[in-house]
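Here's the structure, in structure tokens; my notes come after.
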Amino acid sequence: MIALNPCPKCGGKAKLIRGLPNMGNSKTRYALVQCRVCFYKTPTLRPEQDESSESLKNRAISLWNSETR
Ligand SMILES: [Zn+2]
């Protein structure tokens, strides 16, 4: 797994948040990255067509890691 860079706002640790189709009552998959300290986060990403969950996860991580620090 690609490492998450520290938070661009506070330097805190970040975590990946994902929604999977078999969780809860929603069939919607999503992924975002959020700071554990200040809760700054990326926009919520949703899969494009039949994009894999792995690809979606990697896009969220890339987005987070490309934030200006
Ligand atoms: Zn933060």
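The values are calculated or read from the model by the stated rules, or taken from the named source; none is laboratory data. Every value quoted in this text rests on a predicted model; they were computed, and no experiment measured them. With ideal geometry, Cβ positions are generated from the backbone for all residues, glycine too; neighbour counts draw on all protein chains shown.
Computed values, structure above
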{"item": "The stretch 9-45: number of residues that are modelled with pLDDT of 95 or more and either closer than 11 Å to Trp64 by Cβ or not polar (S, T, N, Q) (or both)", "result": "23"}
{"item": "Of residues in the stretch 40-58 being of a type in the set (Ser, Thr, Tyr) and either free of Cβ contacts under 8 Å to residues at least 24 places away in the same chain or part of a loop (DSSP other than H, G, I, E, B) (or both), the one nearest to Gly11 (Cα to Cα)", "result": "Tyr40"}
{"item": "The stretch 32-52, residues that are among the polar types (S, T, N, Q) and either more than 12 Å from the chain's Cα centre (by Cα) or loosely packed, with under 15 Cβ neighbours inside 10 Å (or both)", "result": "Thr44, Gln49, Ser52"}
